[in-house]
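Below is one structure, written out as structure tokens, with a few remarks after it.
The values are calculated or read from the model by the stated rules, or taken from the named source; none is laboratory data. Being a predicted model, the structure only gives us computed values, none of them experimental. No Cβ is skipped: glycine too gets one built from the backbone with ideal geometry, and neighbour counts run over all protein chains shown. Side chains included, ligands, DNA and RNA excluded: accessible areas come from the protein's heavy atoms. Shrake-Rupley method; radii C 1.70, N 1.55, O 1.52, S 1.80 Å.
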Amino acid sequence: MAPELPKRALIAVTSYNAPFYANGDPTGLFYTEALHSYLVLKDAGFEVDIASETGTYGIDPHSIDKMFMSESDFAIYNDKSHEFSKKLTAIRKASELNPRDYGLFFASAGHGSLFDYPKAKSLIKIAESVWERGGIVSAVCHGPAILPSIIDSKTGKSIINGKKVTGFTDKGEEVLNVDKIIKESKVIPISQGSAQAGGKYEEPENPFDNYSIVDGRLVTGTNPASTTSTATKAVEAFNAL
């Protein structure tokens, strides 16, 4: 591992928290995508910070559901003294961080990521610094919305150009009945954004299966159920540097 790579990770969180669903509910952070990645990274010995572009966040209420949350997840969610709860409450503003403090970048998600990640300049700057110094860039579910904007200084192209990448699928959007909303909102779905940036988009047969892939220093996962495996593979990739 290069000596300039600190064993410190940044978990990116979406700042977008506005009405999105047909019933008027807002989208925002998909809670377990930040929680599960945090737990994996901490267990692996990383120092972990959590930041969004604006230093604000809101939780997607649809993510706080028994369909996605285990009893232990709910226990942490309801425990304001838990280290993760404290970190999330005191979320950092990306522009106030030093990009060189990090050796691993992990983009958590929620549909809100489709709106703010592509133009989240400070988060992108941190990810580009991690990549430039030989670190790991990882993203799960809608988190890969940030990847096309992360430019490799050596090629002038996105870091996913020519690389295998996954993220939430078009079929998954249809199952959730938000595909039309995404189109009307004029945001770019993950498969399309990846292809436009030269990425080789891959997906599981079932859009909600645990599915994560590694291509060099790029690690991506398809959905909330893939968060733990994605973060675990990101740690393994970091340790192999």
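Which listed residue (23, 72, 234) has the Cα farthest towards the positive end of the charge dipole for the chain, taking +1 on Lys and Arg C-beta and -1 on Asp and Glu C-beta about the Cα centre?
Comparing the listed Cα positions along the dipole, 234 ranks first.
Quick check on packing: order 137-144, 172-179 by the mean number of other C-beta atoms within 10 Å, highest mean leading.
Sorting 137-144, 172-179 by mean packing, highest first, produces 137-144, 172-179.
Under the rule of at least 5 residues apart or a separate chain, name every residue whose amide H is placed under 5 Å from the amide H of residue 165.
200, 201, 202
Nearest 0.05, what FRET efficiency do residue 240 and residue 47 give at R0 = 25 Å with Cβ-Cβ as r? Please report the intermediate quantities before stating the final value.
Numbers: r = 20 Å, r/R0 = 0.78.
Once the sixth-power term is evaluated, E becomes 0.80.
Going by amide H atoms built from the backbone, whose H comes under 5 Å of the H on residue 107, apart from near neighbours?
Placed amide hydrogens put 12, 138, 139, 140 under 5 Å from residue 107.
Which shape class applies to the chain: rounded if a/c is under 1.5, otherwise prolate when a/b exceeds b/c and oblate if not, where a ≥ b ≥ c are the square roots of the Cα gyration tensor eigenvalues?
It is rounded, given that a/c, with a ≥ b ≥ c, falls under 1.5.
So what is the accessible area of segment 38-158 per residue, in Å², with the probe set to 1.4 Å? Don't skip to the answer; put the middle values down first.
On the way: 5170 Å² over 121 residues.
Accessible area per residue: 43 Å².
Which residue, 44, 34, 94, tops the fluctuation ranking in a GNM of the chain built on C-alpha contacts under 10 Å?
In the Gaussian network model the winner is 44.
Taking every DSSP beta bridge with both residues inside segment 95-241, roughly what % is antiparallel (nearest 5)?
Working: 6 of 16 bridges.
Roughly 40 percent of the beta bridges in segment 95-241 run antiparallel, per DSSP.
Among rounded, prolate and oblate, which fits segment 121-196 when a ≥ b ≥ c are the square roots of the eigenvalues of its C-alpha gyration tensor, a/c under 1.5 means rounded, and a/b larger than b/c means prolate?
Prolate.
Could you point to the residue in 167, 105, 182 farthest towards the positive end of segment 103-241's charge dipole, with +1 and -1 charges on the Cβ of Lys/Arg and Asp/Glu respectively?
Of the options given, the answer is 105.
Subtract the Cα-Cα distance of residue 152 and residue 205 from 0.36 nm times their separation in residues, and report this length gain in nm to one decimal.
My answer for the length gained is 16.0 nm.
Given the pairs 121/183; 93/163; 42/183, which span a C-alpha to C-alpha distance of over 28 angstrom in this model?
Violating the 28 Å limit, Cα to Cα: 93/163; 42/183.
Using θ = phi - 60° and the Karplus relation 6.51 cos²θ - 1.76 cosθ + 1.60, list the HN-Hα couplings for segment 205-210 in order, rounded to whole Hz, with x at every Gly or Pro.
For segment 205-210, the Karplus-derived couplings read 5, 9, x, 10, 6, 5 Hz, x marking Gly and Pro.
Give me, ordered by chain and number, the residues 5 or more places off residue 92 or on other chains with an amide H under 5 Å from its own placed amide H.
The answer is 50, 51, 52.
Over the chain, with every protein chain in place, what whole percent of the accessible area is carbon and sulfur at 1.4 Å, could you tell me?
On the way: 5170 of 10400 Å².
Carbon-and-sulfur percentage of accessible area, whole number: 50.
Given the Cα-Cα distance of residue 101 and residue 75 and 0.36 nm per residue of separation, how much length would full extension add, in nm?
Fully extending the segment from residue 101 to residue 75 adds 6.3 nm.
In deg cm²/dmol and to the nearest 500, what is the mean residue ellipticity at 222 nm of the chain if only DSSP H runs of at least 4 residues count, each as -39500 (n - 2.57), divided by the residue total?
On the way: 9 runs with 76 residues, N = 241.
That calculation yields -8500 deg cm²/dmol at 222 nm.
Label segment 104-146 by shape, choosing from rounded, prolate and oblate, from the square roots a ≥ b ≥ c of the eigenvalues of the Cα gyration tensor; if a/c is under 1.5 it is rounded, and otherwise prolate applies when a/b is larger than b/c, oblate when it is not.
Working: a/c = 3.37, a/b = 1.60, b/c = 2.10.
It comes out oblate by the Cα gyration axes.
Given charges of +1 on the Cβ of Lys and Arg and -1 on the Cβ of Asp and Glu, with all other atoms neutral, how large is the dipole of segment 73-232 about its Cα centre, in debye to the nearest 20?
700
Quick check on packing: order 148-154, 198-204, 76-82, 123-129 by the mean number of other C-beta atoms within 10 Å, highest mean leading.
123-129, 198-204, 148-154, 76-82
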